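Please treat every number below as a calculation from the coordinates, not as lab data. Predicted model only: the values in this text are computed from it and were never measured. Every residue, glycine as well, gets a Cβ built from its backbone with ideal geometry; the counts of neighbours run over all protein chains shown.
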């Protein structure tokens, strides 16, 4: 299931001293009676009662708040314990925490939420995910970043009431999320691995975010993990050039300075395509007006950033072709649709009878070539691996080069569903095979290849299947890295946490909303640490001993408490055809837990599944030993 709330079971004395100085909640510990700073809100026929709780039932300090829900409602929000108005809440990411439990009944529904009211009375609600409380105290956390206009008046709501029951609350904290940091994953940071493993500069591993998440966990993770970044929407025409003669540089300039401070390079996601201003989408626009508008934006953008040394790439055009039909994307009525008005400018009918691309593409590359010669220039394409679209992209590259224009790379926006790697394209070719073929084509035509926007959606029967999501991320990145020796390859994850962006309900990223790493993160980490080359195969005799990191890692009871360990045995001159080896698992005290392999093995590549269902959670080590060779790695079991 989607994880928005972080739940921690507590068995010790609860404290929040480090946060108390910045707590915006009046009477957060209820020690001054629950009637100071708090009130009960019930509606829709529901009813509740609010008490001071003392004695053995208190969670923290001398007093807790007790809410008894008397009437069953049909929604969780029917009864809420609410704060008085909190005025003028500061900008930045906010954190709301509460200690909560039930008094006698297990599995009562509960969630944290905010009611936000602007100065002019407009309302907006932000809610965490519903959870089930038990008689054991839990610390529940909700991380949120309300729109600026809705920070004038905020009410914190501890929302309960789906059924009759008694709730105990204590130690509420609501304030800026600046003294709290996201969990740091096991192993090396992704940017550290890239710097160590790929010093030739042919591999770039990046993350995309946007200025809305400055000052949040997402920015902290972006800087911690990635040396290559994509500001998602902040270089697009929609922001930079909303109408003729108007330019806004503050936010994109801010990205450039932040990237310099953090040692990061940038790909400007700044294409001519559907990401255009509403002015350009208006149905009354003429070819002449659109030509002038395009020229203004591309020229100004290129001149403004051409000499910024940490901007390596720019998307010149994007989503020019329908991913499914292979037809050119065009305009739609009104200004609210995902449309591409630039085809109104016209088509190049002089190139050939069978290939007549929109003129705006050539115009955009002419301007980018002229005014941004220091920045590599990319054609970015959305969608699937269907031949209909990519065949047209290939023809487009040839067309532009035939017109004397420079094209440096092609990009694939890999917004895919879990299991994509097992599906076929429109020609019946497996998607991964088609992806590998496309990378080979790009490199053979002196083009870099970029995965510009990779996320993996979980929906339908795949909701909550973190391992399946991890496998899709693993398969895509493995395919990209396998071609690193023939040209530049880049991979960029789209958004940082599951709470970022419009598709948060599909939990598509490497990190949960609370900033903790998902199995997908560890899959990416493992692929970077143990890349495969395009000419390596499972039946090729290895040239060295290899013990790979187990996958998944960490592994859990939810995944069957199993993990896979791969290892390779080389053919060594002067030895017997088979080698005697041992693969053994130990606990942190050095005690042998299991012997997975003990005997002779022929040279080759192997894998074995380790089942830990009878072991407690914790850290374990596995060691491969053959003659003088010995290597040990760590794995983590969660239950």
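Here are the numbers for the structure shown:
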quantity	calculated
Relative exposure of 156, 89, judged by other C-beta atoms within 10 Å (fewest first)	89, 156
Relative contact order [Cα under 8 Å, 6+ residues apart], the chain, whole percent	10
Rounded, prolate or oblate (a/c below 1.5 giving rounded, otherwise prolate when a/b exceeds b/c) for the range 6-176 by Cα gyration tensor	oblate
When the convex hull of its Cα atoms is projected in every direction, mean area for the range 269-364 (nm²)	7.2
Order of 353, 219, 453, 243 - criterion: other Cβ atoms within 10 Å of each residue's Cβ, fewest first	353, 243, 219, 453
Gyration tensor (alpha-carbon) shape descriptor, the range 462-509, a/c threshold 1.5	oblate
Overall form of the chain per C-alpha gyration tensor (a/c, 1.5; a/b vs b/c)	oblate
Förster radius 60 Å - calculated FRET efficiency between residue 23 and residue 614, Cβ distance, rounded to 0.05	0.85
Length gained when the stretch residue 196-residue 299 is fully extended (0.36 nm per residue, less Cα-Cα span)	33.3 nm
Relative contact order of the range 157-281, defined on C-alpha pairs under 8 angstrom at six or more residues apart (%)	22
Relative contact order, percent, the range 396-498 [alpha-carbon distance under 8 Å, six or more residues apart]	32
Bridge type composition, the range 190-529 - antiparallel percent by DSSP, nearest 5	10
591, 151, 401 arranged by Cβ crowding within 10 Å, fewest neighbours leading	591, 401, 151
DSSP-defined antiparallel bridges as percent of all bridges, the chain, nearest 5	70
